[in-house]
1. Yes or no: Pro65 modelled with pLDDT of 85 or more and either open to solvent by less than 70 Å² (accessible area, probe 1.4 Å) or over 15 Å from the mean Cα position of the chain (by Cα) (or both)?
2. Quick one: in segment 30-58, which of the residues that are open to solvent by 80 Å² or more (accessible area, probe 1.4 Å), at pLDDT 90 or above and more than 14 Å from His88 (Cα to Cα) is farthest from the chain's Cα centre (by Cα)?
3. Name the pairs: first residue in segment 24-39 and under 18 Å from Ser60 (Cα atoms), second residue of a type outside the set (Ser, Thr, Tyr) and exposed (fewer than 10 other Cβ atoms within 10 Å of the Cβ), Cβ to Cβ under 7 Å, at least 6 apart or on different chains?
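The values are calculated or read from the model by the stated rules, or taken from the named source; none is laboratory data. All values derive from a computational prediction rather than experimental measurement. Quick reminder, even Gly has a Cβ in these numbers, built from the backbone with ideal geometry, and neighbours come from all protein chains shown. In case anyone asks, the SASA skips ligands and DNA or RNA and just uses the protein heavy atoms, side chains included. Shrake-Rupley method; radii C 1.70, N 1.55, O 1.52, S 1.80 Å.
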Amino acid sequence: MEFSSIGPGMPGGAVTGVPYSAEQVTEHLQTLADGTRITQPSQKVMFYRDSQGRTRTERSFPLRPGAAAAGVAGPSLIEIADPVSGVH
């Protein structure tokens, strides 16, 4: 598979010489008509890029309620894109 990216999921040329890392946390909060608040577990995504333009994205997925208290780690998906060697 051929790959070209300026960042995770963005088409274009590879950006070199500008490494970065970032964390994105998404949480959903819903307030019902009776005032009840429902909070869904958050999802964390980590983004990395090295000085050669290679990117790594790590996505964690929330567990069902109570599973985290039992010390169970949730599943994660790791994606690596290497425009230097043309693979994803």
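1. Criteria not met by Pro65.
2. Asp34
3. Going by the 7 Å Cβ cut-off, the qualifying pairs are Thr39/Leu29.
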